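Scroll down for the structure; my scribbles are underneath it.
The values are calculated or read from the model by the stated rules, or taken from the named source; none is laboratory data. The shown structure was predicted, so the numbers you read here are calculated from the model rather than taken from an experiment. A quick note on method: Cβ atoms are made from the backbone with ideal geometry, for glycine too, and the neighbour counts reach across all protein chains shown. What goes into the accessible areas is simple: the full protein's heavy atoms, side chains included, and nothing from ligands, DNA or RNA. Shrake-Rupley method; radii C 1.70, N 1.55, O 1.52, S 1.80 Å.
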Amino acid sequence: MDRWYNIGADLPAPLPPPKDPDEGDSRIALLTKILPSALIDQEFTAERWIPIPEEVREAYARMGRPTPFRRAEGFERRLGLKVHIYYKYEGALPVGSHKLNTALAQAYYAKLDGADEVATETGAGQWGMAVSLAAALFGLKAVVFMTRPSYNSKRQRVAFMKTYGATVYPSPSDVTETGRKFNRPDHPGSLGIAISEAVEYTLAGERRRYLPGSVLEFVLIHQSVIGLEAIRQMPEEPDYAVGCVGGGSNFGGFAYPMIGMKLRGEGFGRTRFLAAESAAAPKLTAGEYRYDFPDAVGVLPMIKMYTLGHDFVPPAVHAAGLRYHGAAPSLSILKRLGLVEAVAYRQEEVFEAAVAFARSEGIIPAPESSHAIRAVADLAKKLPPGSVIAFNLSGHGLLDVDAYEKAHVA
């Protein structure tokens, strides 16, 4: 794989550009101070294909790309239905999730820009682990602001981030002015707050760059390696392609290359696309389509997306990686145009599907990825025999012991 795919080139309607709020300094100009320059170019490019640098391709190969594409025959038998189910398994990567695909690219571009330190946010910790490893591979320091409930409960991921060399703070923290505004013992934090902290930290020092984990278009571009590989690997065209949604990176990475082919009339004509989100943060199913800030305090430019409001603080749930108030602009416009469907699930019904998958396929899925599994199981019951479903199993749950322990007790 020598190039990434950008769905912006094939959208039937142009993406609404980021904009500044009516008052205050320009947030768009701020991007040049916090992001590697190549990422800004990729965010606004109209090119369909973006070359993958040789150093990133080599890192992909070293870390285990291409990842497996498998038929879930055990899960099919457990469901008792004659539907073909396939999954792309991103949990095979060293950090256990798809997040490494863009972390490696972003760390490379930060290094190319002369940075010696990167900062980011993380919910459940998959993104934090990915940035920690990518930074180590490219000789950078890493600072991670992790939402407090996950910092307290997912101690293994915190330990492994530190093993890779990162400094990890619970968010809200006392490290930034933003964090101090919210830093109460009972505050559950949010990805929006953690983003604001990471941006503030980046601006406070020289040779620092901010690496975002989702929502921005260049993140989804990097993740397109998932779907580009899957297209080559899948033996039959799916009736449905499914992925879970936090900000949109794993769903977009898996589905966008297929949606692009459908829009260009090159294949996947019968395929429908389903995004599965958490009922704790149901932006696609219950949010408004409007301009909003991607972070909690409005440091970053406003983007047009489905949102629950940047001040929305979701409850603490097992799938901490889905606790985000908005969705990527490209995913939002695809949903608005009817090219992507969406469904929201409660964590109890998601856990049932996760256990069924583990007992039939042997893989313990991440709580986030289990939303896709729940959606697949529901679809399989509705579709006629011989139908085909493909989904992205975006990560394993071997570091989500807390979630499985609590779910079993419940």
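A few remarks follow.
- Residues in segment 105-130 that are in a loop (DSSP other than H, G, I, E, B) and either more than 18 Å from Met146 (Cβ to Cβ) or more than 14 Å from the chain's Cα centre (by Cα) (or both): Asp113, Gly114, Ala115, Asp116.
- Of the set (1) at pLDDT below 95; (2) over 28 Å from Phe293 (Cα atoms), all apply to Pro51 but (1).
- So Arg157, is it of a type in the set (Lys, Arg), surrounded by fewer than 22 Cβ atoms within 10 Å (Cβ to Cβ) and either out of contact with any strand residue (DSSP E or B) (no Cβ under 6 Å at 6 or more places or on another chain) or under 25 Å from Gly309 (Cα atoms) (or both): no
- Checking Glu217, Glu237, Glu206 one by one, the residue that is charged (D, E, K, R) and buried (at least 21 other Cβ atoms within 10 Å of the Cβ) is Glu217 and no other.
- Checking Glu368 against (1) without any contact (Cβ under 8 Å) to a residue 60 or more places away in the chain; (2) more than 20 Å from Arg270 (Cα to Cα); (3) not in a helix (DSSP H, G or I), the condition it does not meet: (1)
- Residues located in segment 12-38, provided they are touching a Gly at 6+ places or on another chain (Cβ under 9 Å) and among the hydrophobic types (A, V, I, L, M, F, W, C): Leu15
- Answer residue from segment 384-410, given it is part of a loop (DSSP other than H, G, I, E, B) and open to solvent by less than 40 Å² (accessible area, probe 1.4 Å) and is nearest to Val158 (Cα to Cα) among those: Leu399
- Selection count where residues are touching a strand residue (DSSP E or B) at 6+ places or on another chain (Cβ under 7 Å) and either closer than 16 Å to Ala103 by Cα or free of Cβ contacts under 8 Å to residues at least 24 places away in the same chain (or both), scope segment 33-66: 5
- Arg70 vs. criteria closer than 27 Å to Pro367 by Cα, open to solvent by 80 Å² or more (accessible area, probe 1.4 Å) and part of a strand (DSSP E or B): yes
- Condition broken by Asn152, with the remaining ones in (1) polar (S, T, N, Q); (2) surrounded by fewer than 20 Cβ atoms within 10 Å (Cβ to Cβ); (3) in contact with a helix residue (DSSP H, G or I) (Cβ under 7 Å, 6 or more places away or on another chain) satisfied: (3)
- When the test is whether a residue is within 26 Å of Phe44 (Cα to Cα), open to solvent by 10 Å² or more (accessible area, probe 1.4 Å), touching an Asp or Glu at 6+ places or on another chain (Cβ under 9 Å) and not in a loop (DSSP other than H, G, I, E, B), Leu228 does not pass it.
- Looking only at residues of segment 109-143 that are touching a strand residue (DSSP E or B) at 6+ places or on another chain (Cβ under 6 Å) and free of Cβ contacts under 8 Å to residues at least 60 places away in the same chain, we find that the one that is surrounded by the fewest Cβ atoms within 10 Å (Cβ to Cβ) is Lys141.
- Residues located in segment 36-56, provided they are open to solvent by less than 90 Å² (accessible area, probe 1.4 Å) and part of a helix (DSSP H, G or I): Ser37, Ala38, Leu39, Ile40, Gln42, Glu43, Glu55, Val56
- Checking each residue in segment 1-35 for being assigned to a loop (DSSP other than H, G, I, E, B) and within 23 Å of the chain's Cα centre (by Cα) picks out Met1, Asp2, Asn6, Asp10, Leu11, Pro14, Leu15, Pro16, Pro17, Pro18, Leu35.
- Enumeration of residues in segment 318-358 that are modelled with pLDDT of 95 or more, among the basic types (Lys, Arg) and surrounded by 22 or more Cβ atoms within 10 Å (Cβ to Cβ): Lys335
- Those residues of segment 24-69 which are of a type in the set (Gly, Ala, Ser), more than 30 Å from Leu203 (Cα to Cα) and out of contact with any Leu (no Cβ under 7 Å at 6 or more places or on another chain), in sequence order: Ala61
- For Glu197, the conditions (1) touching an Asp or Glu at 6+ places or on another chain (Cβ under 8 Å); (2) more than 28 Å from Trp4 (Cβ to Cβ); (3) open to solvent by 10 Å² or more (accessible area, probe 1.4 Å) all hold with the exception of (3).
- Residue ID - surrounded by the fewest Cβ atoms within 10 Å (Cβ to Cβ), chosen from residues in segment 80-104 that are assigned to a helix (DSSP H, G or I) and touching a strand residue (DSSP E or B) at 6+ places or on another chain (Cβ under 8 Å): Gly91
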